[in-house]
1. Considering every residue within region 21-39, establish whether at least one is touching a residue at least 60 places away in the same chain (Cβ under 8 Å), β-branched (Val, Ile, Thr) and either touching a Lys or Arg at 6+ places or on another chain (Cβ under 7 Å) or part of a strand (DSSP E or B) (or both).
2. Can you pull out every residue in region 69-111 that is surrounded by 12 or more Cβ atoms within 10 Å (Cβ to Cβ), farther than 22 Å from residue 130 by Cα and among the β-branched types (Val, Ile, Thr)?
3. Name the residues in region 8-63 that are of a type in the set (Gly, Ala, Ser) and closer than 20 Å to residue 91 by Cα, would you?
4. Would you say residue 78 is within 17 Å of residue 6 (Cβ to Cβ) and of a type in the set (Gly, Ala, Ser)?
5. Would you mention how many residues in region 29-68 are surrounded by fewer than 18 Cβ atoms within 10 Å (Cβ to Cβ), at pLDDT below 95, under 19 Å from residue 10 (Cβ atoms) and among the acidic types (Asp, Glu)?
Amino acid sequence: MGRILAIDYGKKRTGIAVTDPMKIIASGLCTVATYDLNKWLEEYIVSEDVETIVIGEPKQMDYTDSELGGVINAFAKALQVKYPNIKIERMDERFTSKMAFQTMIDSGLNKKQRRNKALVDEIAATIILQSYMDRIR
């Protein structure tokens with residue numbers, strides 16, 4: 001059984017989350033510098049059985065693409081070409097960074113820990129993944 005991998009793509013950093021092999025639990029995995037993302041994905045996909053990649057889809061409140069929308073669309077299309085046996089899905093990511101920050105507060109992280117933007121990105125990817133899992137159930 002393959003895992004589901006979620007990507008919260010950003011200009012500088014990309015948050016990554018993944019399910020367990022049984023696709024029951026969504027967990028934050030890491031944050032990768034965006035310029036290293038393709039290399040990281042190649043290595044990960046070779047070592048793990050990935051069935052689906054869910055990419056956050058940044059939209060404005062009026063559902064138009066955000067600033068990074070075109071870049072992320074091109075990234076998603078390139079992944080589909082490079083990995084034709086992996087399903088590429090998109091998931092609305094509006095408010096995930098705010099939800100991630102609130103999750104950090106609710107978890108009791110102190111102010112210094114909440115400034116860790118890499119952790120925010122990883123949690124946002126986990127929220128995207130959990131939302132996707134909820135949608136497909």
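1. yes
2. 71
3. 10, 15, 17, 26, 27, 28, 56
4. Criteria not met by residue 78.
5. 2
The values are calculated or read from the model by the stated rules, or taken from the named source; none is laboratory data. Fair warning: this is a prediction, and the values are worked out from it, not measured in the lab. Counting neighbours? That spans all protein chains shown, and the Cβs are built from the backbone with ideal geometry, glycine included.
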